[in-house]
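Here's a structure for you.
The values are calculated or read from the model by the stated rules, or taken from the named source; none is laboratory data. Owing to the predicted nature of the structure, the values given are computational and were not obtained by experimental measurement. FYI the Cβ positions are ideal-geometry reconstructions off the backbone, even for glycines, and counts take in every protein chain you see.
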Amino acid sequence: MSEEIYGIVASFKDTPSLYHAAEKVRDAGFNHWDTYSSFPIHGMPEAQGQKRSKVPIFTFAGGVTGLTLGTTMVWYMNAFDYPLIVGGYPFFSPVFPFPIMYELTILLAAFGTLGGMFIMNLLPQHYNPLFNCAKFLEVSDDRLMIAIEAKDGQFDPVATKQFLESIGGFDIEEVTA
Amino acid sequence: MSDQKDIQKINSTGFFALVIGLVALAISLYGIFSGLETEDPARGFLSWLVGLSFWLSIALGLLFITQIWYVFHARWPTIIRRQCEHFLSVFPWLFLLFIPLFIIPQIIGEPGILWKWLDGANALPGGHGTVQDDPLYQWKSVYLNSNAFIVRAAIYFSVFIGLSYFLRKWSFDTDITGNVENTHKARRLSSVGLFLLATASTLAGIDWFKSLDYHWFSTMYGVWFFAASMRAALSAILIFCIIVSVKGYMKGTFKQAHRYDLGCMMLAFTIFWAYISFSQYFLIYNANIPEETYWYNIREHDGYGVKNSWWVISLLLIFAHFIAPFLMLLWYKTKIVVNRLVFVAIWILVFHLVDLYWNLIPGKVIDATASHGYYIRQFSVEVFDITAIIGIGGICIWSVCRSMLKAEPIPIKDPNILTSLNHSE
């Protein structure tokens, strides 16, 4: 097992100090880092400088695919492959197959949302080196943490540690991969 | 209301709106009476009805949303709820403005000018005898008769006025006393009031709008009126909140998160309106029964397959009243950038009006020289439509301004006010 450094974690004493520390990490220009808490904190995405989620794009793409699929499916079945007169209606019109078009739009939009959420959250992820850190496990209880990863361009084992200390972090530890 | 400049501004706006409103209403009344001489005497009344239904739908939607917020104990819209409550003061005035529609035809001795079934002697279009010979009317006459109409209209307006009176009274009382019991009472009333209001507004939609064409059947009409009202109400209250937050007393309290949530509700009700409107069409299209399909036929062609003016309006309802606002509101940015959201809200209000035109105006007008013995009243924007909308709107805005002077700008002692002020996405 290699003793490569995965990153550095630091704990913070309360939510406001975590929030302001996050702003400082953001302003220092780090990219590969995250905050960890056992409850959601309003405004944290902004403090971390995160952009809006890309999941809606997946939803939209799924919806458009569903609408197109529903339309072409009904057209192919009723008007092209096996034209059939039902109740005197035209072989194809946007009216009578609308429930199918609409339901497929909803279904594939939902699949798009679910899939997009998995992709954007990097799921499924069965292993994360942070679990090597015993203190990190306390995050699910009452610990508030920031972890800066070694793959960040600005990462430096010594300077980053000092930086985390300067913004109010304690229990600073290196986490091995 | 403490700021002297605000009070002055509200006072002058209210006075201005009242003067404009009264002048425009006088012109509309002239329109009704001068229209009696023409071949289509109902058109002047329809102008008034369109104007009334536009403002009534906004007020009803706001009464719905206020009670829905109470029932769900929604904390975030507390500051918006106060603005809705100002609008709820308009119901007594709308009642007064509704009366002429019924009374004027009675006075001039032709009770069935606007609602054809109010006069059994009215001739049917196409030379099929009179209304009282019509088997469909005979079946429906238990519900559609003059006395029942008056009693029901009185009940509907007492529900609207009663609910809005108590919701306003208790909310304004909290400003002074800070009594939490007021909120509990409002919540209890709303849980009953929603049922009363849903029944009253559904039947009102049937009585006043759907019965213009009493032959027709639709089980979706009341829901359509609800959906349309909600869209209009959310757009109107959004515009109102933005006006008072950019220029006036809500500066700094009405924030991005409130805008975003109102925008989300606008999106939801845009979809709901489309769902209901399409369902109504779809059920009638599938069943294909002549007593139902004719309602859509007169909104598409002249009886020989030549498209009439309502065809374009029908397409506008699909593409401009649903697809355009739907796509615009899908984008997150539209829901938070002030100008874009106001643009969509105005857009929805304009096409809400088009929707009302499409639902209320078309009808068969008897004309011996026309090929079937009647022609279909076409889409047109008359001067008297505009004066009715402005006139009734003027009275409503005056009433809102009067109400704004009676209460704090936001419900300062409401138990949920802090959550509303701190609301974030």
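Go through the stretch B:95-120 residue by residue and tally those that are in contact with a strand residue (DSSP E or B) (Cβ under 7 Å, 6 or more places away or on another chain) and among the aromatic types (F, W, Y).
So the answer is 0.
Okay, moving on. Report, by residue number, each residue of the stretch A:7-22 that is in a helix (DSSP H, G or I) and of a type in the set (S, T, N, Q).
A:T15, A:S17
Per-residue answers, yes or no, for (1) modelled with pLDDT of 95 or more; (2) small (G, A, S); (3) in contact with a strand residue (DSSP E or B) (Cβ under 9 Å, 6 or more places away or on another chain); (4) not assigned by TED's automatic domain parsing to the domain that holds A:S11:
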{"residue": "A:A109", "(1), (2), (3), (4)": "yes, yes, no, yes"}
{"residue": "A:N132", "(1), (2), (3), (4)": "no, no, yes, no"}
{"residue": "A:E138", "(1), (2), (3), (4)": "no, no, yes, no"}
{"residue": "A:F155", "(1), (2), (3), (4)": "no, no, yes, no"}
{"residue": "A:S166", "(1), (2), (3), (4)": "no, yes, no, no"}
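Something else about it: Report yes if some residue within the stretch A:15-35 is touching a Leu at 6+ places or on another chain (Cβ under 7 Å), buried (at least 17 other Cβ atoms within 10 Å of the Cβ) and of a type outside the set (G, A, S); otherwise report no.
Looking for residues that are touching a Leu at 6+ places or on another chain (Cβ under 7 Å), buried (at least 17 other Cβ atoms within 10 Å of the Cβ) and of a type outside the set (G, A, S), one finds at least one in the stretch A:15-35, hence yes.
Can I ask one more? Can we say B:I243 is more than 14 Å from chain A (Cβ to nearest Cβ) and either farther than 27 Å from B:K210 by Cβ or in a helix (DSSP H, G or I) (or both)?
yes
Please find, within the stretch B:284-314, the residue that is nearest to the other protein chains (Cβ to nearest Cβ) out of those that are hydrophobic (A, V, I, L, M, F, W, C) and either surrounded by 14 or more Cβ atoms within 10 Å (Cβ to Cβ) or within 16 Å of B:I361 (Cβ to Cβ) (or both).
B:I284
So how many residues does the stretch B:320-331 have that are in contact (Cβ under 8 Å) with a residue 24 or more places away in the chain and either buried (at least 22 other Cβ atoms within 10 Å of the Cβ) or within 14 Å of another protein chain (Cβ to nearest Cβ) (or both)?
Within the stretch B:320-331, residues that are in contact (Cβ under 8 Å) with a residue 24 or more places away in the chain and either buried (at least 22 other Cβ atoms within 10 Å of the Cβ) or within 14 Å of another protein chain (Cβ to nearest Cβ) (or both) number 6.
If a residue has to be basic (K, R) and touching a Ser or Thr at 6+ places or on another chain (Cβ under 6 Å) to count, how many in the stretch B:1-41 make the cut?
Final tally of qualifying residues: 0.
Do any residues in the stretch A:146-159 that are under 15 Å from A:D34 (Cα atoms) have Cβ atoms under 9 Å from those of residues that are part of a loop (DSSP other than H, G, I, E, B) and of a type in the set (V, I, T), where the two are at least six apart or on different chains, and which pairs are they?
These pairs meet every condition: A:I146/A:I167.
What are the residues in the stretch B:70-122 that are in contact with a Ser or Thr (Cβ under 6 Å, 6 or more places away or on another chain), surrounded by fewer than 20 Cβ atoms within 10 Å (Cβ to Cβ) and touching a residue at least 40 places away in the same chain (Cβ under 8 Å), if any?
Across the stretch B:70-122, the qualifying residues are B:V71, B:R75, B:W76, B:W93.
Whether any residue in the stretch B:95-107 is modelled with pLDDT under 95 and in a loop (DSSP other than H, G, I, E, B) is what I want to check.
no
Just to check your reading of the model, which residue among B:S89, B:S28 is of a type in the set (S, T, N, Q), assigned to a helix (DSSP H, G or I) and closer than 30 Å to B:V180 by Cα?
The unique qualifying residue is B:S89.
While we're here: Please enumerate the residues belonging to the stretch A:38-57 that are over 16 Å from the mean Cα position of the chain (by Cα) and away from chain B (no Cβ under 12 Å).
A:S38, A:F39, A:A47, listed by residue number.
In the stretch A:49-85, how many residues are part of a loop (DSSP other than H, G, I, E, B) and either in contact with a Phe, Trp or Tyr (Cβ under 8 Å, 6 or more places away or on another chain) or buried (at least 18 other Cβ atoms within 10 Å of the Cβ) (or both)?
Of the residues in the stretch A:49-85, 4 are part of a loop (DSSP other than H, G, I, E, B) and either in contact with a Phe, Trp or Tyr (Cβ under 8 Å, 6 or more places away or on another chain) or buried (at least 18 other Cβ atoms within 10 Å of the Cβ) (or both).
Quickly run through the stretch A:63-107 and pick out the residues that are within 13 Å of chain B (Cβ to nearest Cβ), small (G, A, S) and within 21 Å of B:L327 (Cβ to Cβ).
Here is the first cut: in the stretch A:63-107, the residues within 13 Å of chain B (Cβ to nearest Cβ) are A:63-64, A:67, A:86-90, A:93-103, A:105-106.
This time we only want the ones that are small (G, A, S), so: A:63, A:87-88, A:93.
If the condition is that a residue be within 13 Å of chain B (Cβ to nearest Cβ), small (G, A, S) and within 21 Å of B:L327 (Cβ to Cβ), then A:G63 is the only one that fits.
Just to be sure I understand the filter: pairs with C-beta atoms under 8 Å, separated by 6 or more residues or on different chains, first member in the stretch A:112-129 and within 18 Å of A:D34 (Cα to Cα), second member surrounded by 12 or more Cβ atoms within 10 Å (Cβ to Cβ) and among the polar types (S, T, N, Q). Which pairs pass?
A:M120/A:S53; A:P129/A:T176
Right, next: Tally the residues that are touching a Phe, Trp or Tyr at 6+ places or on another chain (Cβ under 9 Å) and surrounded by 15 or more Cβ atoms within 10 Å (Cβ to Cβ), restricting the search to the stretch B:166-184.
3
Something else about it: For B:I206, state whether it is within 16 Å of the chain's Cα centre (by Cα) and either under 20 Å from B:Y357 (Cα atoms) or of a type outside the set (V, I, T) (or both).
For B:I206, the condition - within 16 Å of the chain's Cα centre (by Cα) and either under 20 Å from B:Y357 (Cα atoms) or of a type outside the set (V, I, T) (or both) - is met.
Let me ask you something else. Have a look at B:L317, B:L341, B:L353 and point out the one that is over 29 Å from B:Y375 (Cβ atoms), more than 14 Å from every other protein chain (Cβ to nearest Cβ) and modelled with pLDDT of 95 or more.
So the residue among B:L317, B:L341, B:L353 that is over 29 Å from B:Y375 (Cβ atoms), more than 14 Å from every other protein chain (Cβ to nearest Cβ) and modelled with pLDDT of 95 or more is B:L341.
Anything in the stretch B:387-425 that is β-branched (V, I, T) and buried (at least 16 other Cβ atoms within 10 Å of the Cβ)? List them, or say none.
If the condition is that a residue be β-branched (V, I, T) and buried (at least 16 other Cβ atoms within 10 Å of the Cβ), then B:T387, B:I389, B:I390, B:I392, B:I395, B:I397, B:V400, B:I410, B:I417 are the ones that fit.
I've got another one for you. Going by the conditions given, is A:S38 touching a strand residue (DSSP E or B) at 6+ places or on another chain (Cβ under 9 Å) and closer than 19 Å to A:A159 by Cα?
No.
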